[in-house]
Each structure stands twice: as C-alpha cells, then as structure tokens.
1. Of the residues GLY92, GLY74, only one is closer than 14 Å to VAL16 by Cβ and of a type outside the set (A, V, I, L, M); which?
2. Read through the list (1) open to solvent by 40 Å² or more (accessible area, probe 1.4 Å); (2) in contact (Cβ under 8 Å) with a residue 12 or more places away in the chain, then give the number of the only condition that GLY68 fails.
3. Could you give me the residue pairs with C-beta distances under 6 Å whose first residue belongs to the stretch 48-64 and is of a type in the set (Val, Ile, Thr), whose second residue is assigned to a helix (DSSP H, G or I) and at pLDDT 95 or above wherever it lies, and which are 6+ apart or on separate chains?
4. Any idea which of VAL54, VAL60, VAL17, VAL41 is within 15 Å of LEU116 (Cα to Cα) and open to solvent by less than 80 Å² (accessible area, probe 1.4 Å)?
5. Among the residues of the stretch 99-128, count how many are surrounded by fewer than 19 Cβ atoms within 10 Å (Cβ to Cβ) and either of a type outside the set (Ser, Thr, Tyr) or under 23 Å from HIS25 (Cα atoms) (or both).
6. Which residue pairs have Cβ atoms closer than 6 Å, lie 6 or more positions apart in sequence or on different chains, and pair a first residue in the stretch 105-127 that is at negative phi with a second residue that is polar (S, T, N, Q)?
7. Assuming LEU94 fulfils every condition listed in (1) out of contact with any Pro (no Cβ under 9 Å at 6 or more places or on another chain); (2) surrounded by 13 or more Cβ atoms within 10 Å (Cβ to Cβ); (3) over 21 Å from LEU13 (Cα atoms); (4) not small (Gly, Ala, Ser) apart from one, which condition is it?
8. Quick test of your reading of the structure: PRO36 fulfils all but one of (1) within 24 Å of LEU20 (Cβ to Cβ); (2) open to solvent by 80 Å² or more (accessible area, probe 1.4 Å); (3) touching a residue at least 12 places away in the same chain (Cβ under 8 Å). Name the failing condition by number.
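The values are calculated or read from the model by the stated rules, or taken from the named source; none is laboratory data. For clarity, every value in this text was computed on a predicted model and none was experimentally measured. Methodologically, a virtual Cβ is constructed for each residue, glycine included, from the backbone with ideal geometry; neighbour enumeration extends over all protein chains shown. Side chains included, ligands, DNA and RNA excluded: accessible areas come from the protein's heavy atoms. Shrake-Rupley method; radii C 1.70, N 1.55, O 1.52, S 1.80 Å.
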Amino acid sequence: MKTLPRDDLARLLLRVVLALLMLLHGLSKLRHGAGPILDMVASHGLPAALGNLVYVGEIVAPLMVLLGVWTRAGALVIAINMVVAILLVHTGQLLELNKQGGWALELQALYLAGALAIALLGAGRYSAGGAPGKWN
C-alpha cells in the first residue's frame, strides 16, 4: 500500500515523541538505579530480577522505535511495559479521576495507545530500517 509523505511524517512524529518521552524514564533509572522497581516487583511475589526488564522497555525498545529499527517489535515491548506498569503500580487508579477531572491514568493510556498505534502502523519511510518489512 502506497503511503503519502505526510503519513510517513506523522509516523515519524509519533515515533520520536513516544520514544523520547519513554527514554527519559529509562535514563532516569540508569542514573538513579531501578531499586524501587525491583522492590515493587518483589512485593508482588515475583523475582525482583524481573524488574531489570524495565531497562529493555524504557531504553532498548524506545531506541528501536526512535531509530526505526524493528519498530513494531520495539513498540510492542513498550506497550507490554506500560501494561505491566499499570498492573503493578496503578491498578487502584483505574476508575479514578485526577484533580482536573481527567482520568488518573491518562498519561499511561497515551503511552500505551501510542505504542500500539506504532506497532500497527510501522515506522514509515523515515526510519533507519526503511518502510518495508514485517517488523518495521
């Protein structure tokens, strides 16, 4: 299917914004450590070491999406990362509104929806991996 240049620009914009915003979370964990994440994972009865996967979801996958290499796979990893974050941290807020009247999980929902959109759309032609390919 042939895409218009603006379609590829829209894909690029979505990829860059999602990847950079998610990457900031990962860089913070690189700087300060993932101790709180490891503790949270352990508090749910899971091996604490699983918490180290946060580096994959918040550094490796965003870099894949940003560069446009195995973009769909990277976006799916980000989506899984967000589902896990919602389940481990935010389940109690699923039905809550924030002080401004918006959904308490609107930011997490936007990250998740953006990642799923990229997984469905692919990287587009403005990517290191190029437009064609099942995983890009």
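1. On inspection, the qualifying residue turns out to be GLY74.
2. Of (1) open to solvent by 40 Å² or more (accessible area, probe 1.4 Å); (2) in contact (Cβ under 8 Å) with a residue 12 or more places away in the chain, only one is false for GLY68: (1).
3. Correct list of pairs: ILE59/GLY26.
4. Answer to the check: VAL17.
5. 18
6. Listed pairs, sorted by first residue: LEU105/GLN93; ALA123/THR71; ALA123/ASN136.
7. Among (1) out of contact with any Pro (no Cβ under 9 Å at 6 or more places or on another chain); (2) surrounded by 13 or more Cβ atoms within 10 Å (Cβ to Cβ); (3) over 21 Å from LEU13 (Cα atoms); (4) not small (Gly, Ala, Ser), LEU94 violates only (2).
8. Only one criterion in (1) within 24 Å of LEU20 (Cβ to Cβ); (2) open to solvent by 80 Å² or more (accessible area, probe 1.4 Å); (3) touching a residue at least 12 places away in the same chain (Cβ under 8 Å) is unmet by PRO36, namely (3).
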